[in-house]
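See below for the structure under consideration.
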Amino acid sequence: MSDNEIKSPSNFIKQKIKDDIEKNINEGRVHTRFPPEPNGYLHIGHAKSICLNFGVASEFNGLCNLRFDDTNPSREEEEYVNAIIEDVKWLGFDWGERKHYASDYFDRLYDYAVQLIKDGKAFVCDLTPDEMREHRGTLTEPGKESPYRDRTVEENLELFEKMKAGEFDDGSRTLRAKIDMSSGNINMRDPVIYRIQRATHHMTGDKWCIYPMYDFTHCISDSIESITHSLCTLEFEDHRPLYDWFLDELNVFHPQQIEFARLNLSYMVMSKRKLLMLVHDGDVKGWDDPRMPTISGLRRRGYTPVSIRNFCDRIGVAKAESTVDIAMLEFCIREDLNKHAPRVMAVLNPLKVVITNYPDDKADELDAINNPEDPNAGTRKVPFSKVLYIERDDFMEDPPKKFFRLAPGREVRLRYAYFVTCIDIVKDSNGEITEIHCTYDPETRGGNAPDGPACRTGRRKVKATIHWVSAEHAVEGEVRLYNHLFIKENPEAGGDDFKSNMNPDSLEVLPACYMEPSLKDVQPGSRYQFERLGYFCVDPDSTAEKPVFNRTVTLRDTWAKLQKKM
């Protein structure tokens, strides 16, 4: 664990594992797994599960597998497999040689299904999906047994073999477990184990036309891999009796399933199905759009692995569902970047400034601090010349009483440079200000420092320091300002109508921004603090001719302020 990571607090899962170790259950072994479905990209909710599974395995000197639950080839793609591998590695976790696929076990799963048939615990059913739903019953009414439930073992074996051989149409038959149609748990009402589905599998090709269901596959895969603690989100709590039933009936190694609350984050959609809709409908620019809650989207936006791991540690593990304020995630990335991100100056909405008493052919080299939080970060040289750019918001022709930045006749401090005073304004034919003229005081060089010349002489004080960029030396680039993708804290409250809550102003593109020359040859993924503006990350769209920056997060820290009030 690095110096800027917090120690993961204890929780009920860790306590359960400690108790098992003390009782020598599983000979004291701890073996977990992270089992994603390769039908989409991972999001911040999956990061919580990744950190939990790999984290407890590491803490208790155990192992954690990466296993792909690839049992639905119609929705799975190799692209998703590769993206998942990249995301888990990027977060800082390593599964060693323990990368598995549920499809690795298809032959064994089939044999286990045959064993259930031979034991009279499974049967081939001819009911259609609609008929099966009608037979299933409700939460208050028991279901009805399938008319095919009493087929002989021999008939079921023959039919199941024909299903495997492709002699039946898709959806025409299923293999179902024979449990209890009157159970209060609907998952135990003769659930489907296998269905017919002709689809090319990314791993097994066209070898199979029948595929096992998740509930059957998951528990047996855990057993095959000798998993000791199968950590799942709360929606699988009602599936645990079925998990146990399959393992008990097959008389195989029996891991323990433990459920925890999934992560819900304000202003974000966490349903993979809905995220897929956003991507396919063109509402976002792909799975790695910086507005998405996907790990790849957060990475492109500028989030660091440490910040996400710290966030997952801070929110902890609970048994009850809750929603975490997105401000807490933003606090974690600010906390990390504040320690490590170099400070630079950039002007996003430029206004031209001419220093009238500065020589035309002169350029100063001023010392600027790279990161005051890092004593080893050092300094850099920033050029200063006659023509500068400042933020348009840092000047007002007729300022209100509490506006302390630049205005006619007013003096301000230029960061790392000089005191300047506005003496004139230039406007176009529409009355828009196109440039301002200032004079500078050469005796105030470095006057923004506590021991600068202006402070030492005590001649005068200014109430504002603003950033700037030398026009002659500036690098022109594009900046993308990202905001929440949704305007409501709980955008999923309306069900599939969640798109009505999308924020029309979630992205603002500023195509002509000016940055200090140290940003000329930036590399994608590099992170910076633009002084007074926020934290920014170089986007993969950047070119040598024009860098592109994504705003990761603003400087304002609402979570820290909230914590102080509590």
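The values are calculated or read from the model by the stated rules, or taken from the named source; none is laboratory data. Predicted model, so just to flag it, every value in this text is computed and none were measured. When we count neighbours, we look across all protein chains shown, and the Cβ atoms used for this are built from the backbone with ideal geometry, even at glycine. We work out accessible area using only protein heavy atoms, side chains counted, and drop any ligands, DNA or RNA first. Shrake-Rupley method; radii C 1.70, N 1.55, O 1.52, S 1.80 Å.
Name, by its number, the condition in (1) farther than 26 Å from Arg75 by Cβ; (2) part of a helix (DSSP H, G or I); (3) open to solvent by less than 20 Å² (accessible area, probe 1.4 Å) that does not hold for Arg314.
Only one criterion is unmet by Arg314, namely (3).
Kindly indicate which of Arg133, Arg98 is among the charged types (D, E, K, R) and closer than 18 Å to Asp222 by Cβ.
Step by step, each of Arg133, Arg98 is checked, and only Arg98 is among the charged types (D, E, K, R) and closer than 18 Å to Asp222 by Cβ.
Identify, from the list Lys89, Lys48, the residue that is surrounded by fewer than 20 Cβ atoms within 10 Å (Cβ to Cβ), under 17 Å from Ser307 (Cα atoms) and of a type in the set (D, E, K, R). Give the steps one after another, and end with the answer.
Details: Lys48 fails: surrounded by fewer than 20 Cβ atoms within 10 Å (Cβ to Cβ).
Every option except Lys89 fails the conditions.
Need at least 1 residues that are open to solvent by 20 Å² or more (accessible area, probe 1.4 Å) and out of contact with any helix residue (DSSP H, G or I) (no Cβ under 6 Å at 6 or more places or on another chain) per element, so show me which strands (runs of 3 or more DSSP E) inside region 185-246 make the cut, counting only ones lying wholly within it. Before the answer, list the steps.
Details: elements: 192-196, 210-212, 229-233.
The qualifying strands (runs of 3 or more DSSP E) are 192-196, 229-233.
Out of Val306, Val354, Val347, report the one residue that is within 26 Å of Val509 (Cα to Cα) and modelled with pLDDT of 95 or more.
On the way: Val306 fails: within 26 Å of Val509 (Cα to Cα); Val354 fails: within 26 Å of Val509 (Cα to Cα).
None of the others qualify; the one that does is Val347.
Limited to region 396-412, what total is found for residues that are open to solvent by less than 40 Å² (accessible area, probe 1.4 Å) and either within 17 Å of Glu531 (Cβ to Cβ) or among the β-branched types (Val, Ile, Thr) (or both)?
Of the residues in region 396-412, the ones open to solvent by less than 40 Å² (accessible area, probe 1.4 Å) are 399, 403, 406-407, 412.
Remaining after also requiring either within 17 Å of Glu531 (Cβ to Cβ) or among the β-branched types (Val, Ile, Thr) (or both): 406, 412.
So the answer is 2.
When you scan region 154-171, how many residues do you find that are among the small types (Gly, Ala, Ser) and over 40 Å from the mean Cα position of the chain (by Cα)?
Initial filter on region 154-171 (among the small types (Gly, Ala, Ser)): 165-166, 171.
Filter once more, so that each one left must be over 40 Å from the mean Cα position of the chain (by Cα): 165-166.
Looking only at that region, the number is 2.
Quick check on my filter: what residues within region 237-272 are of a type outside the set (Asp, Glu) and free of Cβ contacts under 8 Å to residues at least 12 places away in the same chain? So that I can check it myself, show each step before the final result.
Pass one, region 237-272, residues of a type outside the set (Asp, Glu): 239-243, 245-247, 250-258, 260-272.
Selection gives Asn251 alone.
Table: residues versus (1) open to solvent by 20 Å² or more (accessible area, probe 1.4 Å); (2) β-branched (Val, Ile, Thr); (3) in a helix (DSSP H, G or I); (4) touching a Lys or Arg at 6+ places or on another chain (Cβ under 7 Å).
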| residue | (1), (2), (3), (4) |
| --- | --- |
| Leu329 | no, no, yes, no |
| Glu335 | yes, no, yes, no |
| Tyr358 | no, no, no, yes |
| Asn371 | no, no, no, yes |
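If you check every pair at least six apart or on different chains, which have Cβ atoms under 9 Å apart with a residue in region 91-119 that is more than 11 Å from Asn65 (Cβ to Cβ) first and a residue that is open to solvent by 30 Å² or more (accessible area, probe 1.4 Å) and of a type in the set (Asp, Glu) second?
Val114/Glu161; Gln115/Glu249; Leu116/Glu249; Asp119/Glu249
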